[in-house]
1. Would you calculate the convex hull of the Cα atoms in segment 43-115 and tell me its volume per residue in Å³?
2. For segment 141-208, state the semi-axes of the equivalent ellipsoid (square roots of 5 times the eigenvalues of the alpha-carbon gyration tensor), sorted largest first and rounded to whole angstrom.
3. How compact is segment 1-136 by the rule of thumb for globular proteins, expressed as Cα Rg over 2.2 N^0.38 Å?
4. Could you work out the local net charge near A154, counting Lys and Arg as +1, Asp and Glu as -1, over the other residues with Cβ closer than 9 Å to its Cβ?
5. Using the Karplus curve 6.51 cos²θ - 1.76 cosθ + 1.60 with θ = phi - 60°, work out ³J(HN,Hα) for each residue of segment 150-165 in order, rounded to whole Hz, and write x for Gly and Pro.
6. With every protein chain in place, what's the accessible area of L93 (1.4 Å probe, Å², nearest 10)?
7. With all protein chains present, how much of the accessible area of the chain (probe radius 1.4 Å) comes from carbon and sulfur, to the nearest whole percent?
8. Skip the ligands, DNA and RNA, and give the accessible area per residue of segment 31-103 with a 1.4 Å probe, whole Å².
Amino acid sequence: MVGVCERSFGAESPETARALVDLARIELMQGDVALMEPLLRRALAIQQHALDPDHPDAALGFSAMGGYHSGRGDLAAAEPYFQRALEIRERVLGSEHPLTLGAADQLAKAHVELGRLEQAEALFLRVLAVHERNLGPEHIDTAFALTALGEVLAKKGDHAGAEPLIRRALAMQQRTLPADHPDTGLSMWHLAEVLRNLQQLSEAEAHA
């Protein structure tokens, strides 16, 4: 694909940059994280000169580079790329577009790992509100946002505030997902941790 774009459009074309990003994302899916960086650096260099700063492809490149650093466990390096992707998508696509919400989710997760819980909470609250409004209170994406927000509150020490959020998510997942779905297991684990901190040990043990 990259070779075809280079021959058809040129080595420094936006089409070649897009193909490089797509190839890098495939490498990530296959677990070859180390192969991503040279592809993405070349793509970002092309995009910097060939695209408007607010072009959606630029956001895709930044998001992919953030994913590369996140996959290596370097959330501090990933964070600014996720931030730039979110800013572009907010301006170009609007605050409620699915790609914008995906970028907000990526950035919020980086904030959590870096201990920036206030920023993470604000982003997860925003994602949850949009999902509830646009997808409905019973949508699986709403459940995932509830669990994410509950995790942040638990990390802040607000276990009483986290409990109803995660309970709601778990109930929704148990109604709509297979019994062994990993999202259901994640909510069970977070609920067990919250209940343990609330000294509700019997129920915590059952969920664990």
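The values are calculated or read from the model by the stated rules, or taken from the named source; none is laboratory data. These numbers were taken from a predicted model, which means no experiment stands behind them. Cβ coordinates were reconstructed from backbone atoms using ideal geometry, including for glycine residues, and neighbour counts include every protein chain displayed. Only protein heavy atoms, including side chains, enter the accessible area calculation; ligands, DNA and RNA are left aside. Shrake-Rupley method; radii C 1.70, N 1.55, O 1.52, S 1.80 Å.
1. For segment 43-115, the hull spanned by Cα atoms encloses 72 Å³ per residue.
2. So the three semi-axes of segment 141-208 are 18, 14, 8 Å.
3. 1.09
4. Neighbour charge sum, excluding A154 itself: -2.
5. x, 4, 5, 4, 4, 5, 7, x, 8, 5, 5, x, 6, 4, x, 5
6. That residue has around 60 Å² of solvent-accessible surface.
7. Roughly 55 percent, rounded to a whole number.
8. It amounts to 46 Å² per residue over segment 31-103.
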